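A short reminder: the numbers here are calculations on the coordinates, not readings from a lab. Quick caveat: nothing in here was measured; it's all calculated off a predicted structure. Every residue, glycine among them, receives a Cβ derived from its backbone with ideal geometry; neighbour counts consider all protein chains shown.
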Amino acid sequence: MGFVMNISQMLKALTDGGMSQNEIAKAIGVSQPTIHRALKGSPMLYESGKRIEQLYAERVAGPAAQAAAA
């Protein structure tokens, strides 16, 4: 079975990759404090979590998968 990341881990990977909390918030349509709370493990709306998953796939998982295949 593969490794499953939670939302706070995805957010950490996005910030480690150079995105600010504000940039993430704008990209998914929430406030920066919402991102800060999610990074600390607070729950968030399902729709926001799905948008974070999509952003993570585009910004982190996608490029990493492409680099590994090269």
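Within segment 25-51, residues that are farther than 14 Å from T15 by Cα reach partners that are among the β-branched types (V, I, T) and part of a loop (DSSP other than H, G, I, E, B) with beta carbons closer than 9 Å, at six or more positions or on different chains, in the pairs M44/V30; L45/V30; S48/V30; R51/V30.
Look through segment 41-59, keep the residues that are among the hydrophobic types (A, V, I, L, M, F, W, C) and within 10 Å of the chain's Cα centre (by Cα), and return whichever of them is surrounded by the most Cβ atoms within 10 Å (Cβ to Cβ).
Checked segment 41-59; the qualifying residue surrounded by the most Cβ atoms within 10 Å (Cβ to Cβ) is I52.
Restricting segment 30-40 to residues that are touching a helix residue (DSSP H, G or I) at 6+ places or on another chain (Cβ under 8 Å) and not hydrophobic (A, V, I, L, M, F, W, C), the residue that is surrounded by the fewest Cβ atoms within 10 Å (Cβ to Cβ) is K40.
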